[in-house]
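Here is the structure we will look at, set down as structure tokens.
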Amino acid sequence: MTPEEFRKHGRDVIDWIADYMEQVEEYPVLSQVAPGDVRASLPVSAPQQGESFDEILADVKRVILPGITHWQSPNFFGYFPANTSPPSILGELLAAGLGVQGMLWTTSPACTELEQLVLDWLIEMLDLPPSFHSAGDGGGVIQDTASSASLCALLAACHRQADSKPHDTRHKGIDSWQLAYTSDQAHSSIEKAMMIAGMGTDRLRVIESDAEGRMRPDRLEQQMAVDASHGLKPTFVCATVGTTSSGAVDPLAEIGRICNEQGAWLHVDAAMAGTAAVCPEFRDMHHGLELADSYAFNPHKWMFVNFDCNCFFVADRQPLLQALSVLPDYLRNRASQSGEVVDFRDWHIPLGRRFRALKLWFVIRSFGVEGLQQKIRSHVEWAGQFAEWVEADGDFELAAQPSLNLVCFRHSGGDDMNQKLADTLNDSGELFLTHTVLDDQLTLRFSIGQTSTRLDNVERAWAAIQGTAAELS
Ligand SMILES: *Cc1c(COP(=O)(O)O)cnc(C)c1O
């Protein structure tokens, strides 16, 4: 494809995406294809000769589009959103066009410096602790996902603690006395991090949460005392701000105090909820964050930046760098050796890295802080209204207090009824919602975070939920 052909097809693709944005609301939200349909519609082997781009794009419409669940539909209320926005898509496109690999400062200085700048901006925008700022001992970095951020935090924690002994995790691996703690409401990625780190899930202590789904600091302290009596040490604690099931917020100040007393690393996972801190009125959830060693949230969930984009901050970058840096000869360069630059390859698992800061920068500049605040406030307000409708209907109840943009609720007809309700609604294609289990009961989750969702989408969703429930009863 020549640059001239690229110009033409590029316009076609942008037009295609713009049409998609205008039409996405008309599509059934949940893809209606059966397993194997997509594959069966495409050739078994790759073409020997190149095909025209028009043919390729035609197959996107014919085969791929029916196999899409429309995460960008304003009627998508499932899981947590993975939203995007026009400036984000353009930032992603530009990153692909430049095609830089930002593993070292010297492999594209702008890739590193823009990332540092935008992450420092976020500290101010979300009022995060100044210790995370790149001007001090800490700093921020873009990771692919919250799962990777938690794993890196775990590795840094193990290294920091082991390092005070005669050996360290780089050479000897993680010590058998090192333990991790999280709550029974934490994300499954913490369990996975234990598996990947080779510690195993037996060394993850799962701490009971209270009736609101918040980690109980008294239970955390008790468990640490029991473990200490067996010669084991708390190394890593992961607290959650905005749990995946119900949006619960762990008490960071109390957990942080315990971690500091015990010398354990506190990581705070605010994957979804973190973005809300752009509004001063929602910052209570971060009370105590200054006690944390690391923090992560996903602009790819609620800050209108397309997947993948996780922002990971550490109060002290040394343990992270010591745990993860390796320097083969072929990466040595003058800039790195001068000590004046940051090489982000040492801040995460892969060596290579995409220019993700571009899309984040485009979104922040294009929306402005006030534009972001306005969207977040609308979503939270609509969730509050939805919760009022649930409470006013005798057949439904709230399963938890609404948290920011998430409402957990259920029909009084029991688990089977709620499952049937969700399945019927999702099969209808009118909207999409998902479920969780709270208090051993199937619970429906209504999460409002799509970039293009309006109040009337929420109103129509509630009408559909009520109507479908009446038909099923
Ligand atoms: C969604 C979520 C995650 C996982 O996010 P990824 O970025 O996909 O790894 C982790 N923690 C919480 C609390 C989440 O809600």
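The values are calculated or read from the model by the stated rules, or taken from the named source; none is laboratory data. Computed from a predicted model, the values in this text were never measured in an experiment. Reconstructed Cβ throughout: ideal geometry from the backbone, glycine too, with neighbour counts over all protein chains shown. Just the protein is used for accessible areas: all its heavy atoms, side chains included, with ligands, DNA and RNA removed. Shrake-Rupley method; radii C 1.70, N 1.55, O 1.52, S 1.80 Å.
Results, tabulated for the structure shown:
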{"item": "Net +/- balance of residues flanking residue 427 in space, Cβ distance below 15 Å, scoring K and R +1, D and E -1", "result": "-2"}
{"item": "Sulfur and carbon atoms: percent of accessible area, the stretch 100-354 [1.4 Å]", "result": "50 percent"}
{"item": "Computed over the chain, Cα set: Rg, Dmax in Å", "result": "23.7, 72"}
{"item": "Charge dipole of the stretch 37-190 about the Cα centre (unit charges at C-beta), most positive-ward option of 128, 176, 147", "result": "176"}
{"item": "Gain on full stretching of the segment that runs from residue 401 to residue 11 - 0.36 nm per residue minus C-alpha separation", "result": "135.7 nm"}
{"item": "Mean separation of Cα contacts under 8 Å, 6 or more apart, over the residue count of the chain: relative contact order %", "result": "22 percent"}
{"item": "Residue order for 233, 375 - accessible surface, 1.4 angstrom probe, largest first", "result": "233, 375"}
{"item": "Ordering of 241-249, 297-305, 209-217, 137-145 by burial proxy (mean other Cβ atoms within 10 Å per residue, highest first)", "result": "297-305, 241-249, 137-145, 209-217"}
{"item": "Distribution of pairwise C-alpha distances over the stretch 146-283, 10 Å bins, in %", "result": "12, 44, 33, 9, 1"}
{"item": "Packing-based order for 330-337, 219-226, 404-411, using average beta carbon neighbours within 10 Å, highest first", "result": "404-411, 219-226, 330-337"}
{"item": "Spread of Cα-to-Cα distances over 5 Å intervals beginning at zero, given as percent, for the stretch 100-354", "result": "1, 6, 14, 19, 20, 17, 12, 7, 3, 1, 0, 0"}
{"item": "For the stretch 235-245, 3J(HN,Hα) per residue [Karplus equation, 6.51 cos²θ - 1.76 cosθ + 1.60, θ = phi - 60°, Hz, x = Gly/Pro]", "result": "10, 9, 10, 10, 9, 10, 10, x, 5, 5, 5"}
{"item": "Antiparallel %, DSSP beta bridges [both residues in the chain], to 5", "result": "55 percent"}
{"item": "Distribution of pairwise C-alpha distances over the stretch 203-243, 5 Å bins, in %", "result": "5, 21, 32, 22, 12, 6, 2"}
{"item": "Loop GluC sites (Glu not before Pro), the stretch 1-57 (other Cβ atoms within 10 Å of the site Cβ: 13 or fewer; DSSP)", "result": "51"}
